[in-house]
Amino acid sequence: MLTDLQPFLGRFHPLIVHLPIGFLLLIAAVELLSRTRRFAGAGLHRVMPVLLGLGAASTLAAIATGLMLASDGGYDEALVGRHQRWAFMLAFALGVACVAAWARARRAQGGTDDDVAPAPPAGVARLYPASLVVVLVLVAGTGHFGGALTHGDGYLTEHMPALPFFGAPPAEAPTGPVDLSATNVYETLVAPTFTARCVTCHGPSRQAGKLRLDSPESIHAGGESGAVLVPGRAVDSLLVKRVFLPLSDGKVMPPRGHQAPSHAEMSLLRWWIDQGASFDASLAEVDVTPDLEPAIADRTGPIDFTAPAILSVSVPAASPAAIEALRAIALKVEPLRAGSSLLMVEAPPAARAFDDGALATLEPLAEQIAWLDLGGTQVTDEGLTRVLPKLVNLWRLTLARTAVTDAGLAPLRSLQRLEAVNLYATSITDAGLRSLDSLPRLRAVYAWQTRVTPQGADALRQALPRVQVNLGDPATTVP
């Protein structure tokens, strides 16, 4: 029977826990008044044992209902244990203070003057005020741990003004271009909303509804109501449904009294779920509509969504001697854009004799080369296999009209920034395209007049849904 009533009685803990606090405030007021000249002879010390006894009794009641509430689970066990230990010490200290107050009152009743309390024994004189001080310290600590359970660890200091020498320095505003390919959507745009609006009740300290929203693993796991995310369908996701319930609905999130997510935060959350709710995707891998750009810029700093993501990559300036070495063999070398250290290297008709041996001249500029056009040159699989993996920032590659085969494309697997490959008029087959199916940023493959079949192109599209494969069919023309 009692077990059945525990969940019901436990819910009275937040109400009952205020009773000892009220009694302690009353005790402090009476104690202060008894020490004033006007009330010194009023015999107020006689009511102190009663008030302290009521404080101890209400503390025990709060402890009992608190134990019932904690039995429901959903709270940080370590923090609950700390809160309970301080509550038990508070009840004990109140009992000691009650006994000391009673001894003091008895001493007063045994005196010859009913109006003025005689001096209590030395032990009682020291124990009574000391126990009151201990009670005040314990009630503050117990209340703090209880608040942390309800509102989160940082609730007390969340809005504390910055003080010199305390705390971490404020975060500096983002400066410079934002690297879309290095900006994780979940960590940058979604997780801060969970941390600010949800983790207090769904985090390490408390797991309301047996749900945590402080890590990808816990979000995937869901809560007692099941999964909270339906990737690709924000409208069907519990995370979104609960936020848009009427305020009168008991399941609305966040509950009344807590700050709701802003319109921008909810727009980002819904967009993230509609995009597939990936915890790994970067901004360069998702579709950003113009209406979301201001909300994203608020979190990341100004972003030029029209600029290629590669332009946000910062590399050291290229060696002038290395650039001159390329120009000496008729290669064309230019900055990818004014002010950028990234380079575009092109083999014009005058450099058609460029071969595997000459590929070594690219190596001193391996970090800077973003665009490489070797179309019509004499390079082969052997030279490409040796040099291409070193071009870590390669963004666009042209091997049109070369002797490259499927084996020569295998080294491209390591080029994580590669977005476009031109294989026009080569002997590449479907097997060669399979070397490209793990490139996360690949968007365009030019493969007309090759041995690539429509089936091979479809297989690559299935692996990389955002890629466009141009086989010469006007319907597949890459913009």
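If you go through the range 433-449 and keep only what is crowded, with 23+ Cβ neighbours inside 10 Å and in contact with a Gly (Cβ under 6 Å, 6 or more places away or on another chain), you end up with just Leu433. Looking across the range 43-55 at every residue that is over 13 Å from Ala97 (Cα atoms) and in contact (Cβ under 8 Å) with a residue 24 or more places away in the chain, the one that is most open to solvent (accessible area, probe 1.4 Å) is identified as Arg46. Scanning the range 210-224 for residues that are open to solvent by 30 Å² or more (accessible area, probe 1.4 Å) and either within 16 Å of Pro254 (Cβ to Cβ) or more than 15 Å from the chain's Cα centre (by Cα) (or both) yields Lys210, Arg212, Asp214, Ala221, Glu224.
Whenever a residue of the range 233-248 is at negative phi, its partners that are open to solvent by 100 Å² or more (accessible area, probe 1.4 Å) and assigned to a loop (DSSP other than H, G, I, E, B), lying with C-beta atoms within less than 8 angstrom and at least six residues away or across chains, give the pairs Arg242/Lys251; Leu245/Lys251; Leu247/Arg256. Candidates Arg352, Arg337, Arg299: the one that is in contact with a helix residue (DSSP H, G or I) (Cβ under 7 Å, 6 or more places away or on another chain), farther than 20 Å from Ala420 by Cα, at pLDDT below 90 and open to solvent by 50 Å² or more (accessible area, probe 1.4 Å) is Arg299. Tell me, please, whether a residue that is within 16 Å of Leu423 (Cα to Cα), in contact (Cβ under 8 Å) with a residue 24 or more places away in the chain and either open to solvent by less than 20 Å² (accessible area, probe 1.4 Å) or in a helix (DSSP H, G or I) (or both) can be found in the range 313-331. Within the range 313-331, not a single residue is within 16 Å of Leu423 (Cα to Cα), in contact (Cβ under 8 Å) with a residue 24 or more places away in the chain and either open to solvent by less than 20 Å² (accessible area, probe 1.4 Å) or in a helix (DSSP H, G or I) (or both).
In this structure, Leu60 qualifies as under 23 Å from Ala140 (Cβ atoms), surrounded by fewer than 20 Cβ atoms within 10 Å (Cβ to Cβ) and in contact (Cβ under 8 Å) with a residue 12 or more places away in the chain.
So for the range 400-409 (the condition being open to solvent by less than 40 Å² (accessible area, probe 1.4 Å), of a type in the set (S, T, N, Q) and either assigned to a loop (DSSP other than H, G, I, E, B) or out of contact with any strand residue (DSSP E or B) (no Cβ under 7 Å at 6 or more places or on another chain) (or both)), does at least one residue qualify? Yes, the range 400-409 contains at least one residue that is open to solvent by less than 40 Å² (accessible area, probe 1.4 Å), of a type in the set (S, T, N, Q) and either assigned to a loop (DSSP other than H, G, I, E, B) or out of contact with any strand residue (DSSP E or B) (no Cβ under 7 Å at 6 or more places or on another chain) (or both).
Taking the criterion of being free of Cβ contacts under 8 Å to residues at least 40 places away in the same chain and over 16 Å from Thr377 (Cβ atoms), the residues of the range 338-352 that qualify are Ala338, Gly339, Ser340, Ser341, Leu343.
Residues checked against (1) more than 35 Å from the chain's Cα centre (by Cα); (2) among the charged types (D, E, K, R); (3) within 15 Å of Val445 (Cβ to Cβ):
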residue	(1), (2), (3)
Arg352	yes, yes, no
Thr361	yes, no, no
Leu374	yes, no, no
Leu397	yes, no, yes
Ala403	yes, no, no
Glu419	no, yes, yes
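The values are calculated or read from the model by the stated rules, or taken from the named source; none is laboratory data. Because the structure is predicted, anything quoted here is derived from the model rather than measured. Heads up, the Cβs are rebuilt from the backbone with ideal geometry, glycines too, and the neighbour counts pull from every protein chain shown. Just the protein is used for accessible areas: all its heavy atoms, side chains included, with ligands, DNA and RNA removed. Shrake-Rupley method; radii C 1.70, N 1.55, O 1.52, S 1.80 Å.
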